[in-house]
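The values are calculated or read from the model by the stated rules, or taken from the named source; none is laboratory data. Given the structure is predicted, the values throughout are model-derived calculations rather than measurements. Neighbour counts run over all protein chains shown; Cβ positions are idealised from the backbone, glycine included. Please note that ligands, DNA and RNA were not included when accessible areas were found on the heavy atoms of the full protein model with its side chains. Shrake-Rupley method; radii C 1.70, N 1.55, O 1.52, S 1.80 Å.
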Amino acid sequence: MRISPVGADAPAPRSEGASVVDSHPISPTPAPGVRTRSQHQRRKRIVQAAAALASRGGVEAMQMRTVAERAGVALGTLYRYFPSKMDLVVAVVGEEIDTLESSIERRPPSAATPAGRAVDILMRATRGLMREPELADALIRSLIMAEVDIPFGDRMAGLLLRVAGNGLTAEVATEEQFALAGSLSGVWVQELLEMLRGRRTYEQVQRRIEIAAGRLFADF
């Protein structure tokens, strides 16, 4: 889990490995496949640049001009992908969850119980986030304070449902099951914050998650 600002009209410096497409965002009628691939690569560079800045200075360091410069794109291009800083935060969080899901696909939890599988996933996520504690702290705090709808909680709840419930999805889960998965996700976020503040050790967080999962997922 990763200068001086330039004006919106000034050409952004090329970052290592950056495509020449960035210097000319509107290229003459590129092939659809190439265009989609270049857009995906550009978006990924922007998200990686934002994560790298947040990991060193929190969300405050994710100034849009600085992110654009680090990613090697024009400021206007950045705003076309991400209209606000919160959109960037959501994208960085999304990348973290994507990484977690890839980890699950490669190495599914082997615990025999739904609660055990849920604990495996949440502690795996904890280890991944704590590799960059400043980034984790910045992301979690921003999500909690956000005044816009953030899909983080629902996405984590859906992930817990799939793993703990052996493929159970939000569409077929009962209202109670989805609520229980969301509650466990909320417990995890709170415990992660306590750990980031130095009030919990990793072992204490794991034990509390185990207790909560054992109660909440007892009837899964």
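Nonpolar atom fraction for the stretch 59-135, defined as the carbon and sulfur part of the 1.4 Å probe accessible area, stands at 52 percent. Packing here is the average count of other Cβ atoms within 10 Å per residue, and on that basis the peptides 105-114, 47-56, highest first, run 47-56, 105-114. With contacts taken as Cα pairs under 8 Å and at least 6 residues apart, the stretch 67-156 reaches a relative contact order of 31 percent.
Note on V172 and D154: the extension gain reaches 5.0 nm, defined as 0.36 nm multiplied by sequence separation minus the Cα-Cα distance.
If contacts are Cα pairs under 8 angstrom and at least 6 residues apart, what is the relative contact order of the stretch 34-95 in percent? Mind showing how you got there, number by number?
On the way: 41 pairs, mean separation 21.5, N = 62.
Once normalised by length, the contact order is 35 percent.
Take peptides 74-83, 152-161 and line them up by average Cβ neighbours within 10 Å, highest first, as a rough protection proxy.
On the way: 74-83: 17.4, 152-161: 20.6.
So the order, starting with the most tightly packed, is 152-161, 74-83.
Farthest towards the positive end of the charge dipole of the stretch 60-115, among the residues Y79, S102, V89, is the Cα of Y79, using unit charges on the Cβ of Lys, Arg, Asp and Glu.
In this rough spin-label picture, where each label sits 7 Å from Cα along the Cβ direction, the Q63-R127 distance is 3.8 nm.
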